[in-house]
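Any read-out appearing in this document is the output of simple, stated calculations on the displayed coordinates, not a laboratory observation. What you are looking at is a predicted structure, and each value in this text was computed from that prediction instead of being measured. With ideal geometry, Cβ positions are generated from the backbone for all residues, glycine too; neighbour counts draw on all protein chains shown.
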Amino acid sequence: MSEPLRHLVAETTVVASNLVFPLFVVPGKGVRRPLPSLPGQFHLSVDELVKEVRETFMKGIHAFLLFGVPDTKDERGESACRDDALIPQALRAVKDEVPQACVITDVCLCAYTTHGHCGVVDEKGNILNDPTLEILSSMALAHARAGVDVIAPSDMMDGRVAALRKALDHNGYQQTLIMSYAAKFASAFYGPFRDVAHSTPQFGDRKTYQMDMRNGREALREMELDLQEGADIVMVKPAMPYLDVISKARERFDAPIAAYQVSGEYAMIKAAAKEGWINERAAMIESLMAIKRAGADMIITYFAKGFVE
């Protein structure tokens, strides 16, 4: 069968409009710092971020997920709630220069707390759910005021989608969407991200509030609950180790499903390609195709820019 004919009968296609490009924002000016644990990715100051978004947008990638990497932290992560925090600054700059871009922002405290956990912690090291929701709501509102299109809570606190939806609606941001990290598994594949985001927990781990890798049915219940609370999009993270969850979610829910091809998935392909063991582009395409075939509508991937180059 010829290649044109194979394209005609292909059941699954990945196109640029399916992809979301994650980017890391840091303080300063003129900063474009390579990330050794994520080859080809960078820490970007706001001015460099705008250049990156503009260039990538022109190549066909129109959605971006922003993570803040601040140089100061506090016990409760409340610095993330300021209107002059990194992400609100980045949002205003990107929307001024590339207004058509769809900008999604991570809403979580791990990069902003001194202890590296995703919520407020008491003196015994316990995560305090409800006080965390208050700070996350303030953070989401700061992003909404700066012009965000979609907020993406990744903290995995109970009831956070309902709390964020209420805060947004009561403050006039009914059009701001929520993409919930609904099935976010406690995973070994987050290592490079934690290095890049400076968000490794200083004690314990996140297994008490992230999903157990053994529990696929529970993941579906979490997704259902988030949709009931007002999520517009639900996410499975990581993607490749949990293709079964993506597939089952596609069969069960009509809502848009996102999948995050996380830092460890990306780094493994890059490392193997560097050694000459695999063809990087072929492996990239195959991995993205698998995620799309499983049922994801959109894929968050560090390969997004490379895909269109």
- Using modelled amide H (1.01 Å from N, peptide plane; none on Pro or chain starts), what sits under 5 Å from the amide H of L128, excluding residues fewer than 5 places away? V120, V121, D122
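Please tell me which of these pairs span more than 32 angstrom C-alpha to C-alpha: K124/K270; K59/K166; K51/K248; K29/K292; K73/K292; K51/K274?
Long pairs (Cα-Cα over 32 Å): K124/K270; K59/K166; K51/K248; K29/K292; K73/K292.
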- Message: In whole Hz and in residue order, list the ³J(HN,Hα) couplings for the range 162-170 that follow from phi through the Karplus curve 6.51 cos²θ - 1.76 cosθ + 1.60, θ = phi - 60°; x for Gly and Pro.
- Response: 4, 5, 5, 4, 5, 4, 5, 5, 6
- Message: As a test, work out the antiparallel percent of DSSP beta bridges whose residues both lie in the range 3-307, rounded to the nearest 5.
- Response: 15
- Query: Against the longest alpha carbon principal axis of the chain, how many degrees, from 0 to 90 and to the nearest 10, is the axis of helix 216-229 turned?
  - Reply: 60
- Lys, Arg +1 and Asp, Glu -1 on Cβ, resulting dipole of the range 3-307 about Cα centre, debye, nearest 20: 640
- Item | Amide H contacts of A182 (H built 1.01 Å from N, under 5 Å, at least 5 apart or other chain) | M235
- C-alpha center-to-center spacing [the range 248-309, the range 105-161] in angstrom: 27
- Query: Among T301, T12, which comes first, then next, by fewest other beta-carbon atoms within 10 Å?
  - Reply: T12, T301
- Item | Helix axis angle, 263-274 relative to the chain longest principal axis, alpha carbon, degrees | 40
- Would you mind telling me which residue in D155, D84, D254 has the biggest mean-square fluctuation in a Gaussian network model of the chain, where springs connect alpha carbons within a distance under 10 angstrom? D254
- Can you run phi through the Karplus equation (6.51, -1.76, 1.60; θ = phi - 60°) for the range 129-137 and list ³J(HN,Hα) in whole Hz, with x for Gly and Pro? 5, 5, x, 5, 4, 5, 6, 4, 5
- Matching label, Rg and Dmax of the Cα atoms in Å computed from the structure shown, candidates [x] 18.6, 66; [y] 19.9, 60; [z] 21.0, 66: [x]
- How would you rank F21, F307, F253, going from fewest to most other Cβ atoms within 10 Å of each one's own Cβ? F253, F307, F21
- Item | Charge-dipole axis of the range 3-307 as Lys and Arg at +1 and Asp and Glu at -1 on Cβ define it, positive-most pick from P39, S247, Y190 | P39
- Query: For the pair D254 and E218, what calculated FRET efficiency results from E = 1/(1 + (r/R0)^6), where r is the Cβ-Cβ distance and R0 = 25 Å, to the nearest 0.05?
  - Reply: 0.75
- A student asked for the Cα radius of gyration and Dmax of the range 150-309 in angstrom ought to give 16.3, 54
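Counting other beta carbons within 10 Å of each Cβ, put C108, C81, C118 in order, fewest first.
C81, C118, C108
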- Query: Around L44, with a cut-off of 9 angstrom between Cβ atoms, what is the net charge of the other residues, counting Lys and Arg +1 and Asp and Glu -1?
  - Reply: 0
- Query: Can you run phi through the Karplus equation (6.51, -1.76, 1.60; θ = phi - 60°) for the range 101-106 and list ³J(HN,Hα) in whole Hz, with x for Gly and Pro?
  - Reply: 5, 8, 10, 10, 10, 6
- For the residue pair D74 and K207, what label-to-label distance in nm results when each label sits 7 Å from Cα along the Cα-to-beta-carbon direction? 3.3
- Query: How far apart, in nm, are two points set 7 Å out from the Cα along the Cα-to-Cβ line at D84 and at S37?
  - Reply: 3.1
